[in-house]
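Visitor: The structure's right below; bear with me while I get my questions together.
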Amino acid sequence: MTLTPIGDLSRGFVLRHRQAGLQSESMRLQTELTTGRVAGTRNHLRGDYAHLSDIERGLSMLESYRSAIAESDTMTATMQAALGAVRDHSADLSAGLMLAAQAGSPLDLRIASADAEQALGALVGQLNSRSAGRALFSGAAYDSAALAAPEEMLAALRGALAGTSTLAGVEAAFDSWFGSGGGFETSGYLGATRDGTPLQLSEDLRLGLSIRADDPVFRDTLKATAMSALAADESLGFAEDVQVQMIESAGAQLIAARPGVLDVIAGLGVVQARIEDGRARNEAAGLTLELARNTLLSVDPYETATRFEAVQSQIETLYAVTVRAARMSLLDYMR
């Protein structure tokens, strides 16, 4: 049985330990050269994480703002498209109604009334628009459609018009149903009467999208469209002259409501501009914080490369010493 001298064991352990330390240091320096940042922040910052924590917290907040802005972008774009469709449907219908009223033939009136019923369905569909599962024109009632189905509203209006035979009576019935406390508020509009929670888009920008389908401009548009849709309704049996008056009045009301729709569209455009402004400010703040973090954690590439070369040289020297010691131990053993 051959015994290895204790001195050899001790020397071998020291060499292996030193080699492992140098290899670990080499890998750390190589990582720092590749990334340009320190591999171990604790020693670099001497245990003082306060500044770095502030920077990381700021970047985390900016990330949440970025998500809110992306959500707002999608929502406002969808709302803008819906409002543009409301504007276009209203403009097309008002022009058709005026032409039908001028022609005054039963066929023209029936066609205009049928077109209005289709337009009502399109308007309701646009005001019931959703984005990411969220109702856009329902105020705080994000999970609820803004408006009842058009056929349900028309059915309710037929009941309200029962017994009317003049334009004055028809307009009074429509004004009452779409007015305060009327059928529109109790069964036509299904959303909330308060606006949704504003979104925090930056440190100093909190933005609410307060466009609801119960806004007076939309009520007026829906009211005029529904009136023209029911003008030639056979179950109501309006006289031909009353049908012409209803069609003409509805067309005039749509024209009168158009500036209000355009104002809402313009107001939403201002909101979109504020969102873009918030995005730009967040990006600038993010770049500033990233620069501060990089400055705090960056390494001097020249100094790091120099240290890396020095460690590599030490590893090579240690390897040569280890090989030489092994050879000497082998000779001692052979003797």
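The values are calculated or read from the model by the stated rules, or taken from the named source; none is laboratory data. Remember, it's a predicted structure, so these values are computed and weren't measured experimentally. We place every Cβ from the backbone using ideal geometry, glycine too, and count neighbours over all the protein chains shown. Side chains are part of the model used for accessible areas, which takes the heavy atoms of the whole protein and leaves out ligands, DNA and RNA. Shrake-Rupley method; radii C 1.70, N 1.55, O 1.52, S 1.80 Å.
Visitor: If residue 145 satisfies every condition in (1) in a helix (DSSP H, G or I); (2) open to solvent by 30 Å² or more (accessible area, probe 1.4 Å) but one, which is the exception?
Guide: Every listed condition holds for residue 145 apart from (1).
Visitor: Condition first: part of a helix (DSSP H, G or I), open to solvent by 60 Å² or more (accessible area, probe 1.4 Å) and over 28 Å from residue 199 (Cβ atoms). Now tell me which residues in the range 212-264 satisfy that. Talk me through it step by step, then tell me what you get.
Guide: Here is the first cut: in the range 212-264, the residues part of a helix (DSSP H, G or I) are 216-230, 240-264.
Adding the requirement that they be open to solvent by 60 Å² or more (accessible area, probe 1.4 Å) leaves 216, 220, 240-241, 245, 248, 255-256, 258-259, 262-263.
Those that are part of a helix (DSSP H, G or I), open to solvent by 60 Å² or more (accessible area, probe 1.4 Å) and over 28 Å from residue 199 (Cβ atoms): 220, 240, 241, 245, 248, 255, 256, 258, 259.
Visitor: With respect to residue 199, determine if the residue is touching a Lys or Arg at 6+ places or on another chain (Cβ under 8 Å), more than 26 Å from residue 154 (Cα to Cα) and not small (Gly, Ala, Ser).
Guide: Working: touching a Lys or Arg at 6+ places or on another chain (Cβ under 8 Å): yes; more than 26 Å from residue 154 (Cα to Cα): yes; not small (Gly, Ala, Ser): yes.
Taking the combined requirement at face value, the residue satisfies it.
Visitor: From (1) open to solvent by 40 Å² or more (accessible area, probe 1.4 Å); (2) within 39 Å of the chain's Cα centre (by Cα), pick out the condition that doesn't hold for residue 135.
Guide: So residue 135 meets the others, but not (1).
Visitor: Going by what's in this entry, would residue 284 be described as closer than 24 Å to residue 94 by Cα, modelled with pLDDT of 90 or more and either in a helix (DSSP H, G or I) or out of contact with any Pro (no Cβ under 8 Å at 6 or more places or on another chain) (or both)? Spell out the reasoning first.
Guide: Numbers: closer than 24 Å to residue 94 by Cα: no; modelled with pLDDT of 90 or more: yes; either in a helix (DSSP H, G or I) or out of contact with any Pro (no Cβ under 8 Å at 6 or more places or on another chain) (or both): yes.
Considered against the rule, which asks whether it is closer than 24 Å to residue 94 by Cα, modelled with pLDDT of 90 or more and either in a helix (DSSP H, G or I) or out of contact with any Pro (no Cβ under 8 Å at 6 or more places or on another chain) (or both), residue 284 comes out as no.
Visitor: What's the number of the condition residue 209 fails, among (1) within 23 Å of residue 111 (Cβ to Cβ); (2) not in a helix (DSSP H, G or I)?
Guide: Of (1) within 23 Å of residue 111 (Cβ to Cβ); (2) not in a helix (DSSP H, G or I), only one is false for residue 209: (1).
Visitor: Is it true that residue 97 is open to solvent by 60 Å² or more (accessible area, probe 1.4 Å) and under 20 Å from residue 241 (Cβ atoms)?
Guide: On the way: open to solvent by 60 Å² or more (accessible area, probe 1.4 Å): no; under 20 Å from residue 241 (Cβ atoms): yes.
Here the answer is no, as residue 97 does not meet what is asked.
Visitor: Please go through the range 173-189 and give me each residue that is in a loop (DSSP other than H, G, I, E, B) and open to solvent by 80 Å² or more (accessible area, probe 1.4 Å), ordered by number. If you could, list the steps in order and put the result at the bottom.
Guide: Restricting attention to the range 173-189, the residues satisfying the condition of being in a loop (DSSP other than H, G, I, E, B) are 179-182.
Selection gives 180 alone.
Yes or no, residue by residue, for (1) of a type in the set (Ser, Thr, Tyr); (2) touching a strand residue (DSSP E or B) at 6+ places or on another chain (Cβ under 9 Å); (3) more than 21 Å from residue 123 (Cα to Cα); (4) in contact (Cβ under 8 Å) with a residue 40 or more places away in the chain:
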site: 145; (1), (2), (3), (4): no, yes, no, yes
site: 186; (1), (2), (3), (4): yes, no, no, no
site: 213; (1), (2), (3), (4): no, yes, no, yes
site: 223; (1), (2), (3), (4): no, no, no, yes
site: 237; (1), (2), (3), (4): no, no, yes, no
site: 242; (1), (2), (3), (4): no, no, yes, yes
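Visitor: Answer with yes or no whether residue 70 is modelled with pLDDT under 95, small (Gly, Ala, Ser), under 27 Å from residue 277 (Cβ atoms) and surrounded by fewer than 15 Cβ atoms within 10 Å (Cβ to Cβ). Break it down stepwise before answering.
Guide: Working: modelled with pLDDT under 95: yes; small (Gly, Ala, Ser): yes; under 27 Å from residue 277 (Cβ atoms): yes; surrounded by fewer than 15 Cβ atoms within 10 Å (Cβ to Cβ): yes.
So residue 70 fits the description; yes.
Visitor: Also, I was wondering about something else. Checking the conditions here, which among 161, 207, 167 is at pLDDT below 95, buried (at least 17 other Cβ atoms within 10 Å of the Cβ) and not charged (D, E, K, R)? If you could, list the steps in order and put the result at the bottom.
Guide: Details: 161 fails: at pLDDT below 95; 167 fails: at pLDDT below 95.
Going through 161, 207, 167 in turn, just one is at pLDDT below 95, buried (at least 17 other Cβ atoms within 10 Å of the Cβ) and not charged (D, E, K, R): 207.
Visitor: Which condition number in (1) in contact with a helix residue (DSSP H, G or I) (Cβ under 7 Å, 6 or more places away or on another chain); (2) modelled with pLDDT under 80 is the one that residue 328 fails?
Guide: The one condition residue 328 does not meet is (1).
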